[in-house]
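What follows draws every value from the coordinates through simple rules; no lab data is involved. These figures come from a predicted structure and were not determined experimentally. Heads up, the Cβs are rebuilt from the backbone with ideal geometry, glycines too, and the neighbour counts pull from every protein chain shown.
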Amino acid sequence: MMKIPRIFSNRRNRSSVHIIADMLSILKSGPQKQTRLMMLTYLSPYIFHKYLSICETKNLIRHEDGVLVITEEGKKAEEFLRSTLSQIQEFEALRNRKKKELQDFLKRLT
């Protein structure tokens, strides 16, 4: 079975950016049929077609010989999104650590 890379593993309450990043990440691994991509991204048909339309309009994804493929622009966008989302996750982890340190410090004062 093919291992699908995930930029954002938590499927619940994904932002639009995370959904598009997931779609591009999957297609970067290779072309996919439309239904397969929809299943791999865990999206309903309505939501999937909404984001597919956005990606096609922005020239990130195109139909080619009955499958969806990522464009060169889509590859650049996927790399940028992966890098940026990774930095955001690192920042959030740091913020959480500092918040805990602050709470512990304040507890010791009282």
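What is the chain's relative contact order, in percent, from Cα pairs under 8 angstrom and six or more apart in sequence?
That works out to 24 percent.
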Report summary line: Per-residue ellipticity at 222 nm attributable to helices in the chain (runs of n ≥ 4 DSSP H, -39500 (n - 2.57) apiece, nearest 500 deg cm²/dmol) works out to -22000 deg cm²/dmol
Report task. Can you pull the one-decimal nm distance between simple spin-label points at residue 94 and residue 73, each 7 Å off the Cα toward Cβ? Result -> 3.3
Query raised in the report: In nm, to one decimal, how far is the modelled label at residue 34 from the one at residue 53, with both set 7 Å along Cα→Cβ?
Result: 1.3
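Mind checking the alpha-carbon convex hull of the chain and giving the volume per residue in Å³? Provide the component values of the computation, followed by the final result.
Numbers: hull volume 13.1 nm³, N = 110.
That works out to 119 Å³ per residue.
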